[in-house]
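Take a look at the structure below.
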There are 4 protein chains.
Amino acid sequence: MVAGHPNTLRLAGEEDSSKRRQILDGAKKVFMDFGFDGASMGEIARAAGVSKGTLYVYFADKNRLFEAIVEEETLEQGRLAFNFDPGRDVPTTLREFGQAYIQLLCRPGGGSAIRTVMAIAERMPDVGRRYYENVLEKMIGRLASYLEARVSMKELAIGDCQFAASQFMLMCQASLFLPFIFQAAPPPSPERITQVIESATQMFLAGYRPRDE
Amino acid sequence: MVAGHPNTLRLAGEEDSSKRRQILDGAKKVFMDFGFDGASMGEIARAAGVSKGTLYVYFADKNRLFEAIVEEETLEQGRLAFNFDPGRDVPTTLREFGQAYIQLLCRPGGGSAIRTVMAIAERMPDVGRRYYENVLEKMIGRLASYLEARVSMKELAIGDCQFAASQFMLMCQASLFLPFIFQAAPPPSPERITQVIESATQMFLAGYRPRDE
Amino acid sequence: MVAGHPNTLRLAGEEDSSKRRQILDGAKKVFMDFGFDGASMGEIARAAGVSKGTLYVYFADKNRLFEAIVEEETLEQGRLAFNFDPGRDVPTTLREFGQAYIQLLCRPGGGSAIRTVMAIAERMPDVGRRYYENVLEKMIGRLASYLEARVSMKELAIGDCQFAASQFMLMCQASLFLPFIFQAAPPPSPERITQVIESATQMFLAGYRPRDE
Amino acid sequence: MVAGHPNTLRLAGEEDSSKRRQILDGAKKVFMDFGFDGASMGEIARAAGVSKGTLYVYFADKNRLFEAIVEEETLEQGRLAFNFDPGRDVPTTLREFGQAYIQLLCRPGGGSAIRTVMAIAERMPDVGRRYYENVLEKMIGRLASYLEARVSMKELAIGDCQFAASQFMLMCQASLFLPFIFQAAPPPSPERITQVIESATQMFLAGYRPRDE
DNA sequence: AATGAATGAGTGTTCATTCAT
DNA sequence: GATGAATGAACACTCATTCAT
């Protein structure tokens, strides 16, 4: 009956129709602010400035709209550029990456994609998995590649670079992300973030600096 | 108006009535599996083996029931004992604590308290804050106290033990928690956990071992 | 199964058990304040200081409890004594009766039996009818008897005394009862009541004074 | 939040949408038959021939729907035309007005607005007050104006015309309204009404006819 | 394509009533 | 008799979804 929703027909690279764009923008705001269950299609329609019916012209149902939002966020965050020039020195690279990473996690304004996706991951495992793989794992992978490059330059001594990358990223979160996501503290100040990342960098270097014999 | 639900009258230490216990157990399962919004009072009643009406005999409303679940989980997790004997050596203490901590986070069986609380923290900030303070912050604090003891024994050189504790705990999660919570990987094997914690311990010691001059 | 509720077994004149009395008192207050639907059995139990279960020991259900209340109120108001001594002069008798009647109707403190019964009369016609017959019609009848006595003394010229009594009573309400019951005005002052009744009395006398030929 | 229900947007004079009209008609019937509490939204939906959800498209909640019904009834009854031409003689005017008034009060078909509003007036004082002011008080006022005109023509001798109007209206109810509203008697026959009003008219004239010196 | 009126299944909650103690 | 824990049917209300226009 439904011959296919517009979204399923879109070719890669085709630009969104303005209505579809409107909907995605409105829905993103509402989903991120209220979570999947807390967001109502009516609220989304209002936020998008379209009628409720129009939502269903572009998206088969609420799930699919949500998935589209997460997919877009996933792509966007997956596209984030970091300077992983293998020629750059390790401390600088780690510091800059750490900054960008924490800013992604602790985005002010509350509605954070990561929380929203975490929340629903149990009921929509594919959504969670894809977000993890395309954003976080990918980020880990890119950092890991950089680290490998420096390992082969003998500047670092790391057994499992993928794992080391993950370690670094989590250290960057220390004292920042959990209080933020549990609403136990206001978003951290830039100064605090800098301190934390500096410490993570030092620790990382202390742990993975090649041992002089 | 209502002079108080049975739960508000319970004395400390008084054991739960069996019905109340049943409800808490059923509700915990449903809330943890489906999240606050995804859980319906009907489903909870069914899971608890009581009628919907009975739910409201023991809890004023869905929010209060949820809060009671989280409170209980909070207390239970906050009561978790770790061996922080200041006389024990650092590597052993960190390893054992790390194991217990990761087992708490990555509890098999899906429905995890931490995810459920995270998910709702934006709309129920008090619930989120209390969980963080009474479980995670408390755990950090206890590890920090231990570290301080070892610092004064000159075995560690740490500026901010609270922060260092947080760093250690996050390192323990490396490659484990995020894939788990995003449903991107099955719960990690005990061996994998041991490896990760060993690495975190080594890194921690490398970073905070006192420098001989 | 139920061999008969205590109330159905009570002999006339037997005094109420204290529990039954408590229930009637509590229920009366709650029913008069909130109406039949607005009153809950729980609230009634609380007001009566007994358990909800006990309500059902004495009364088969909410309807029967309500009927008992109305019945009691009916009897009580039906027992109200007025001085209808046929020897007393008409103006005095009318004035005094009018006062008592208005005080019955416009009882301060809100919860008025008459409103409560009116409200439910469509759904419980028997209750309404019995209240009307045993209170209002009876009152009309007693006034009518008095009037008849004075008619036979040639002091009044009335064709239908029953109807004339009804006319007098309604005139006494002029400007008082409707604003009161529609919450459009505070309960009338005693002075105002006196004026109104005086006017009703004059009008009545003007209308039913025997015509001298 | 919600920018306004359709009803709030209606321009004066704009005719009701057919659905809105259907709902008002169905709800009126159910509310008048069962009272505010006795009426369920499901029953109203059925009576109106719409779905429950549709009720909430047009009215924010049950209270608002009820208020709209009463408001409409209020306006309709407030618009009732009476011939209060100051040139018409008093007995005719009173008789005709009395007829119309009693027909309003004792409308056959049971469900009477006046009873329904009375019943709820304690819990919804505004609704009660507005009904009284816009229907009954207004009617009293119009009769009072007519009486004043005749007073200045020396045809009547009345101190307080507002009060006299109220007296007349209540006398017209004698033996009619209370039995009707308490379900103690079937609606009165037209002949009976005529008699009652004739008597009220006579009494009124007897009381307020100017005294010849 | 876009609308928005309409739907009805589902929600949280209340409450008259029952019954084991 | 008296209790109060427990029930489940009913309620007001929400919201994802449909469909005639």
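The values are calculated or read from the model by the stated rules, or taken from the named source; none is laboratory data. No experiment lies behind these values; they were computed from the predicted model shown. Because the Cβ atoms are built from the backbone with ideal geometry, glycine has one as well, and the counts that use them run over all protein chains shown. Keep in mind that these areas ignore ligands, DNA and RNA; they rest on the heavy atoms of the full protein, side chains included. Shrake-Rupley method; radii C 1.70, N 1.55, O 1.52, S 1.80 Å.
No other residue among D:SER199, D:SER152 is loosely packed, with under 15 Cβ neighbours inside 10 Å and more than 15 Å from the chain's Cα centre (by Cα) apart from D:SER152. If you go through segment C:167-196 and keep only what is within 19 Å of D:ILE140 (Cβ to Cβ), more than 7 Å from chain D (Cβ to nearest Cβ) and of a type in the set (Val, Ile, Thr), you end up with C:ILE193, C:VAL196.
Looking at C:VAL90, is it within 11 Å of chain D (Cβ to nearest Cβ) and touching a residue at least 12 places away in the same chain (Cβ under 8 Å)?
Working: within 11 Å of chain D (Cβ to nearest Cβ): no; touching a residue at least 12 places away in the same chain (Cβ under 8 Å): yes.
Here the answer is no, as C:VAL90 does not meet what is asked.
Among the residues of segment D:51-66, those that are within 6 Å of DNA strand F (Cβ to nearest atom) and within 14 Å of chain A (Cβ to nearest Cβ) comprise D:GLY53, D:TYR56.
Of everything in segment A:177-196 that is surrounded by 22 or more Cβ atoms within 10 Å (Cβ to Cβ) and of a type in the set (A, V, I, L, M), the residue that is farthest from B:MET124 (Cα to Cα) is A:VAL196. If you go through segment C:21-74 and pick out every residue that is in contact with a Pro (Cβ under 8 Å, 6 or more places away or on another chain) and either among the aliphatic types (A, V, I, L, M) or more than 12 Å from DNA strand E (Cβ to nearest atom) (or both), you end up with 1. Of the helices (runs of 4 or more DSSP H) that lie entirely inside segment C:129-191, those containing 1 or more residues that are farther than 19 Å from C:PHE82 by Cβ, in the same structural domain as C:GLU96 (by TED's automatic domain parsing) and in contact with a Leu (Cβ under 8 Å, 6 or more places away or on another chain) span C:177-181. For segment C:42-88, which positions are charged (D, E, K, R) and outside any helix (DSSP H, G or I)? Scanning segment C:42-88 gives C:ASP61, C:ASP85, C:ARG88.
Of all residues in segment B:115-128, which are in a loop (DSSP other than H, G, I, E, B) and within 8 Å of chain A (Cβ to nearest Cβ)? Across segment B:115-128, the qualifying residues are B:ALA121, B:GLU122, B:ARG123. Contact map, segment B:132-146: residues that are more than 9 Å from chain A (Cβ to nearest Cβ) paired with residues that are open to solvent by less than 20 Å² (accessible area, probe 1.4 Å) and of a type in the set (Ser, Thr, Tyr), Cβ distance under 8 Å, separation 6+ or inter-chain. Pairs shown: B:ASN134/B:THR74; B:VAL135/B:THR74; B:MET139/B:TYR101; B:TYR146/B:THR93. Using the structure shown, decide if D:LEU75 is surrounded by fewer than 19 Cβ atoms within 10 Å (Cβ to Cβ), under 19 Å from D:PRO125 (Cα atoms) and of a type outside the set (Gly, Ala, Ser). Spelling it out, D:LEU75 is indeed surrounded by fewer than 19 Cβ atoms within 10 Å (Cβ to Cβ), under 19 Å from D:PRO125 (Cα atoms) and of a type outside the set (Gly, Ala, Ser).
Give the number of residues within segment B:22-50 that are among the basic types (Lys, Arg) and either under 22 Å from A:ALA39 (Cβ atoms) or away from DNA strand F (no atom under 14 Å from the Cβ) (or both). Please lay out each step first, then the result.
Residues of segment B:22-50 among the basic types (Lys, Arg): B:28-29, B:46.
After this cut, where a residue has to be either under 22 Å from A:ALA39 (Cβ atoms) or away from DNA strand F (no atom under 14 Å from the Cβ) (or both) as well, the list is B:28-29.
Residues flagged as among the basic types (Lys, Arg) and either under 22 Å from A:ALA39 (Cβ atoms) or away from DNA strand F (no atom under 14 Å from the Cβ) (or both) within segment B:22-50 amount to 2.
Restricting the search to segment D:155-166, which residues are more than 7 Å from chain C (Cβ to nearest Cβ) and more than 17 Å from the chain's Cα centre (by Cα)? Scanning segment D:155-166 gives D:GLU155, D:LEU156, D:ALA157, D:ILE158, D:GLY159, D:ASP160, D:CYS161, D:GLN162, D:ALA164. Checked against (1) in contact with a helix residue (DSSP H, G or I) (Cβ under 8 Å, 6 or more places away or on another chain); (2) within 12 Å of chain A (Cβ to nearest Cβ), B:VAL151 meets all criteria but (2).
Scanning segment D:130-143 for any residue that is over 17 Å from C:PHE177 (Cα atoms), touching a Cys at 6+ places or on another chain (Cβ under 9 Å), surrounded by fewer than 19 Cβ atoms within 10 Å (Cβ to Cβ) and at pLDDT 95 or above turns up nothing. For segment B:89-110, a tally of residues being surrounded by fewer than 17 Cβ atoms within 10 Å (Cβ to Cβ), at pLDDT below 95 and not in a helix (DSSP H, G or I) returns 4.
Would you please name the residue that is farthest from B:THR116 (Cα to Cα), looking only at residues in segment B:32-71 that are β-branched (Val, Ile, Thr) and crowded, with 18+ Cβ neighbours inside 10 Å? It would help to see each step written out before you state the result.
Filtering segment B:32-71 for residues β-branched (Val, Ile, Thr) gives B:44, B:50, B:54, B:57, B:69-70.
Those left that are additionally crowded, with 18+ Cβ neighbours inside 10 Å: B:44, B:50, B:69-70.
Working: B:ILE44: 16, B:VAL50: 23, B:ILE69: 11, B:VAL70: 9 Å.
So the residue we want is B:VAL50.
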